[in-house]
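What follows is one structure encoded as C-alpha cells, with my remarks underneath.
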Amino acid sequence: MEGIVAIINGDQILLVEGLTSEGTKGLTEEELIDESHGAAYLVLTEGNEDVTVGDEVKVWIEALNTSHPAFGDASKVEVLP
C-alpha cells in the first residue's frame, strides 16, 4: 500500500491514498478519511518509526481488516523520494 502519512499518534499512523502531501494540510481526521481514495490506521513495528507527517510511503502490511478506515499492522515502511 502506498500513500501519504496524514497523522501520527504514538506508534500508529493514518495512511491516506489519493491525496498529495499538500492536499492533506489543514484537513481534519474525518475530512482526510472522507476525501481519500483509501485510508488505514497502521501500527508501526519497531524500526519503522522514522516517518513524519506528509511523507509519501510504501507500506508492507502484516494484517489488515476491511473496515473504513481499515486497521492493521505495518511490518515495513519505506519513505519514497
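The values are calculated or read from the model by the stated rules, or taken from the named source; none is laboratory data. In this text, all values refer to a predicted model and were calculated from it rather than measured experimentally. Backbone-built Cβ (ideal geometry, glycine too); neighbour counts: all protein chains shown.
Of the listed requirements (1) surrounded by 14 or more Cβ atoms within 10 Å (Cβ to Cβ); (2) in contact (Cβ under 8 Å) with a residue 24 or more places away in the chain, residue 11 misses just one: (1). Quickly run through the stretch 30-81 and pick out the residues that are closer than 13 Å to residue 7 by Cβ and out of contact with any strand residue (DSSP E or B) (no Cβ under 6 Å at 6 or more places or on another chain). Hits for the stretch 30-81 are 30, 31, 52, 54. The condition of being surrounded by 15 or more Cβ atoms within 10 Å (Cβ to Cβ), of a type outside the set (Lys, Arg) and without any contact (Cβ under 8 Å) to a residue 40 or more places away in the chain holds for residue 36.
Return the residues of the stretch 60-77 that are surrounded by 12 or more Cβ atoms within 10 Å (Cβ to Cβ) and more than 17 Å from residue 36 (Cα to Cα); say none if nothing qualifies.
Initial filter on the stretch 60-77 (surrounded by 12 or more Cβ atoms within 10 Å (Cβ to Cβ)): 60-62, 64, 69-77.
Answer for the stretch 60-77, where residues must be surrounded by 12 or more Cβ atoms within 10 Å (Cβ to Cβ) and more than 17 Å from residue 36 (Cα to Cα): 60, 61, 62, 64, 72, 73, 74, 75, 76, 77.
Being hydrophobic (A, V, I, L, M, F, W, C), in contact (Cβ under 8 Å) with a residue 40 or more places away in the chain and surrounded by 15 or more Cβ atoms within 10 Å (Cβ to Cβ) holds for only one residue in 57, 53, and it is 57. Filtering the stretch 34-81 to residues that are β-branched (Val, Ile, Thr) and either assigned to a strand (DSSP E or B) or modelled with pLDDT of 90 or more (or both) leaves 43, 51, 52, 53, 57, 59, 61, 77, 79.
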